[in-house]
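The values are calculated or read from the model by the stated rules, or taken from the named source; none is laboratory data. Remember, predicted model here, so these are calculated numbers, not experimental data. Every residue, glycine as well, gets a Cβ built from its backbone with ideal geometry; the counts of neighbours run over all protein chains shown.
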Amino acid sequence: MKVVRRLLLGVSLLTLVSGCTSLNRWFDSLGENKVENKTTSKQTVANNKNPEDKKPEDKKPEEKKPSHHQAAEKKSPSKKDMEKKAFNSQFSGWLVDYTDMKENKTASGGTSLLWVSPDLKKGKYTAIMIDPIGLYPRPPLLAKVSKGRMLEALTYIKTRATNQIGSTLKIVDKPGPGVLRLDAAITGVKTSAEKNSRNDAKNIPVAMIFADMSPAASQPEQSLVVYLEARLRDSQTNKILVKSIRAGTGSAAGKDKVLVDHMKPVLNSWVQDADTFIREHVK
């Protein structure tokens, strides 16, 4: 009996130890599962964070491109450009730009607009070319004008200028060093008898003064105002050195025609003023 009891007691002890070992293993595995669950849950929480919680990357502000309207405003003419255009519109356009010209008293007692380049040095030029004098704008091909009288007037002023200015500078027919070039045009005509609504002298197309029934001669005993524009250039570089506008009054026009004799007083004074300028500023 004692032996049986001892055997049963031994079996019970073995069973108890075995059970404790199993419990320990179960608790250990339970702890590992908890650690794994915590790690997994942390990863899940990290992965499930709101994307909005992420700090946004710094982005450079986009540059605003100028609108079409703003671009148009930049290209619009300035006040100075508009004033220049308005000033130039008063004249014929033969000299193109008139904005730098200033009022000047001429040697013959008249008034002109004049511009002189600072590059014009006295003594630098010793000779001059004189181009044929023109009309601006040119008369249409079918215009009913007296080409004979028109040619007579232009030839007269060219001959007069050659003779008088030729006494100051040598006249040449080719460009070269120390050679100036003079060209000019009759660019406007006004009469004192025909008035517009502002009581100003009326403009007449230049070519019409040579018509057989010229508007400038439609009324007797009226004075004729003739406008001449001229420029001096360097004959080699074509650089403009002098610009001038001269208005002069001719004698009373005839009843039906404007003759060259009616224009001679203003043409003569223009040549005289040109020669005086060359003596004082060029030679």
The one condition in (1) under 30 Å from GLU280 (Cα atoms); (2) of a type in the set (A, V, I, L, M, F, W, C); (3) at pLDDT below 90 that MET208 fails to fulfil: (1)
task: Give the stretch 169-187 a look and list any residue that's closer than 19 Å to LYS243 by Cα and not aliphatic (A, V, I, L, M), or say none.
output: GLY178, ARG181, ASP183, THR187
- prompt: Tally time: how many residues in the stretch 255-273 are of a type in the set (D, E, K, R) and modelled with pLDDT of 90 or more?
  reply: 1
- prompt: For THR276, which of the numbered conditions (1) surrounded by fewer than 21 Cβ atoms within 10 Å (Cβ to Cβ); (2) part of a helix (DSSP H, G or I); (3) at pLDDT below 75 fails to hold?
  reply: (3)
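Small (Gly, Ala, Ser), more than 21 Å from THR168 (Cβ to Cβ), at pLDDT below 95 and crowded, with 18+ Cβ neighbours inside 10 Å: is that true of ALA252 in this structure?
Working: small (Gly, Ala, Ser): yes; more than 21 Å from THR168 (Cβ to Cβ): yes; at pLDDT below 95: yes; crowded, with 18+ Cβ neighbours inside 10 Å: no.
No; evaluated as a whole, the condition is false for this residue.
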query: So which helices (runs of 4 or more DSSP H) are wholly in the stretch 59-169 and hold at least 1 residues that are buried (at least 17 other Cβ atoms within 10 Å of the Cβ) and modelled with pLDDT of 90 or more?
result: 147-165
- request: Would you please list the contacts, defined by Cβ atoms under 7 Å and residues six or more apart or on different chains, that run from a residue in the stretch 267-283 that is closer than 17 Å to ILE240 by Cα to a residue that is assigned to a helix (DSSP H, G or I)?
  value: ALA274/ALA161; ALA274/ILE165; ILE278/ILE165
- line: When (1) crowded, with 20+ Cβ neighbours inside 10 Å; (2) hydrophobic (A, V, I, L, M, F, W, C); (3) modelled with pLDDT of 90 or more; (4) in contact with a helix residue (DSSP H, G or I) (Cβ under 7 Å, 6 or more places away or on another chain) are applied to LEU241, the one that fails is (4)
